[in-house]
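Here's the structure, in C-alpha cells; my notes come after.
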Amino acid sequence: MERKDNRRKHTKKRHAIKKITALALIGVLGVVCARPAFASVIKNAESKKAQAQEDLDEVNRQIDNIHAAQNSLQAEMNRYDDELMRLLTDMEILQGDIANQEIKIEEADAALVVANQEEAAQYEAMKQRIQYMYENGNQSFLAALLEADSFTDFLNRAEYVNEVYDYDRTLLGQYQDTVAQVEELTVQLDNEMEEMEELKLSYEEQQGQLESIIAKKSSEMDNFNAKLASAQTLASQYAKTVQEQNQIIAKEKARQEAERKKAEEAKRKKEKEKSDKTKSSESGQTVTASSESAAGTTTGGAAGTGNAGNTSGLTDGGSNPAYTTGVSGSAVVSYASQFLGAPYVLGGNSLTNGTDCSYFVMAVFAKFGISLPRTSYGMQSCGKPVSYENAQPGDIICYPGHVAIYIGNGQIIHASTPRTGVCYGTATYRTISTIRRVL
C-alpha cells in the first residue's frame, strides 16, 4: 500500500514537472518569436520615418526656394509698381500742363483775332484818308497851302500832311508787327501742344506695358502661392508620417521592454518553482499548487503592461538640454512682445515696418547676440533639440515652412499672416517639425 502511494506521488511529480517545463518552453518560444516580429515592426517604422523625413527635408528645401523666388518676384513687382506710380504722377502733371496750354492757345487765338481786326481797321482808316486827299485833288492841297498866313504856317501845313502819312504808315506797321507776333506765338503754342499730346500717347503706351507686366508678375505670384500651398500640404503630410512612425517606434519599444520584463519574471518564477520542487521533493510534497500559482502569476504580470509607451510623437526622446548662453528666455519673450501688431510682409526685413516669420525670430534673437539663419528651414538645425513637454519660454518652435518663439503655457508669438501680423497663437495649431534651444 505504501509502495502504491509512493508510485502515485512520483507520477504526480513527473506530471507537474512536465507541465512546468511545457509552460516555460511556451514562454521562451513566445519571447523568441515576438522579438523578431517587434524588431520587424520597428525596422519598418524607422524605414518609413527615414523616408518621410527625407521627403520632408526635400519639401522644406522646395518651400525655401519658393519663398526666395517669391521674395525676388515681389521685389521686382515693387519696382514695377513704383515705376507705374511715377508714370501716373507724370501723366497727371502732363494733363494739367495740357489744360493750361489749351487756355494759352485760346487766349492767343483771341488776341490774334483782335490784332487782325485792329490791323484791318487801321488799314481802312489810312485808305480813307488817302482817298479823301486824292478825291479833293491837288487843288485842295494847294489851296490849303496858299491859305497859310505866313511861310512858317505854310511849312507847318506841309509838315502836318507829311506827319499824317508817316503816322499812318508807322501805326499800320505796328499793327502788322503785332499780328505777326501773335501768329508766331500761336504757332509756338500749337507746336508745344502737339509735343505734349505725343508725350501723353507715349505715357499711355508705357502705362499699358507696365500694367501688362504687373498682371503677368501677379499671375506668376499666384502660381508660386499655389506651389507653396501644395508644398506646405506635402510637408504637413510628411511631418505627420514622421510623428506617426515615432509613435509606432515608441510603442513597440515599450512593448519590447514589457516583454523583456515579462520574460525575466517568467525566468524568476521558473527558478523559484525549481527551488520549490527541489524542496518539495526533499520533503515529499507535491508542487502542483505551486506550478498553478506560478502560471497564474505570469499571466497577471503580462496584463499590467497595456498602457506602456504612450507618447505624443513630439517628445524627441525627452530631450531637455542645458542653457549655455546666460540669456533669459523670459527676456527674449518680453522683447518679442514689443512688436505685437507689427505688419507681416513676405521677405520683410523690419520688425516695425514689415517682417516675415523667419526674420522676426532672427532679429529678436540677434538683439541678444545670438546669430540665426535667415530661413525657417535653416533654423530647424540650430541649437539642440527639445521635447515638447520640456519646452521653455525662448525656445524656437519649427513648423513646415514656418517658425515661432515659444512663450510658455502652450503659447507662441510669431509673424503669422498679412491679416494678423505679429501675434500670439497656440503652439500646437500646426504639426511641429522640431523644437530648438539656442539660449
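Looking for something modelled with pLDDT under 95, of a type in the set (A, V, I, L, M), crowded, with 17+ Cβ neighbours inside 10 Å and not in a helix (DSSP H, G or I) - is there at least one such residue anywhere in region 372-382? No, region 372-382 has no match at all. Pairing residues of region 428-439 that are over 16 Å from GLY408 (Cβ atoms) and modelled with pLDDT under 90 with residues that are among the small types (Gly, Ala, Ser) and open to solvent by 20 Å² or more (accessible area, probe 1.4 Å), at Cβ distances under 6 Å and at least 6 apart in sequence or on separate chains, gives THR431/SER236. Take THR325 and decide whether it is at pLDDT 65 or above, closer than 30 Å to ILE396 by Cα and within 60 Å of the chain's Cα centre (by Cα). Against the criterion (at pLDDT 65 or above, closer than 30 Å to ILE396 by Cα and within 60 Å of the chain's Cα centre (by Cα)), THR325 qualifies. The set of residues in region 86-103 being at pLDDT below 90 and over 12 Å from LYS200 (Cβ atoms) consists of ARG86, LEU88, THR89, ASN100, GLU102. Scanning region 392-416 for residues that are in a loop (DSSP other than H, G, I, E, B), open to solvent by 30 Å² or more (accessible area, probe 1.4 Å) and in contact (Cβ under 8 Å) with a residue 12 or more places away in the chain yields GLN392, PRO393. Out of all the residues in region 171-188, is one or more modelled with pLDDT under 85, exposed (fewer than 14 other Cβ atoms within 10 Å of the Cβ) and of a type outside the set (Gly, Ala, Ser)? Yes, region 171-188 has at least one match.
Specify which of the listed residues (ALA258, ALA336, ALA266, ALA342) is closer than 30 Å to VAL242 by Cα, out of contact with any Asp or Glu (no Cβ under 8 Å at 6 or more places or on another chain), surrounded by 17 or more Cβ atoms within 10 Å (Cβ to Cβ) and modelled with pLDDT of 60 or more. After applying the criteria, what remains is ALA258.
When residues in region 361-371 are screened for being open to solvent by less than 40 Å² (accessible area, probe 1.4 Å) and in contact with a helix residue (DSSP H, G or I) (Cβ under 8 Å, 6 or more places away or on another chain), 3 of them pass. With respect to the conditions (1) assigned to a loop (DSSP other than H, G, I, E, B); (2) over 19 Å from the mean Cα position of the chain (by Cα), ARG419 lacks only one, and its number is (2).
Restricting to region 216-237, name every residue that is out of contact with any Phe, Trp or Tyr (no Cβ under 9 Å at 6 or more places or on another chain), open to solvent by less than 60 Å² (accessible area, probe 1.4 Å) and over 12 Å from ILE66 (Cβ atoms). SER218, the sole residue that qualifies.
When we screen ALA75, ALA99 for residues that are surrounded by fewer than 17 Cβ atoms within 10 Å (Cβ to Cβ) and under 19 Å from the mean Cα position of the chain (by Cα), the only hit is ALA75. Identify, by number, the condition in (1) open to solvent by 10 Å² or more (accessible area, probe 1.4 Å); (2) in a strand (DSSP E or B); (3) at pLDDT 95 or above that ALA331 doesn't meet. Condition (2) is where ALA331 drops out. Comparison of ASP64, ASP90 shows that the only residue that is of a type in the set (Asp, Glu) and open to solvent by 60 Å² or more (accessible area, probe 1.4 Å) is ASP90.
The values are calculated or read from the model by the stated rules, or taken from the named source; none is laboratory data. Here the structure is a predicted model, which means the values were calculated and not measured. Because the Cβ atoms are built from the backbone with ideal geometry, glycine has one as well, and the counts that use them run over all protein chains shown. To get the accessible areas, we keep the full protein, side chains included, count just its heavy atoms, and leave off ligands, DNA and RNA. Shrake-Rupley method; radii C 1.70, N 1.55, O 1.52, S 1.80 Å.
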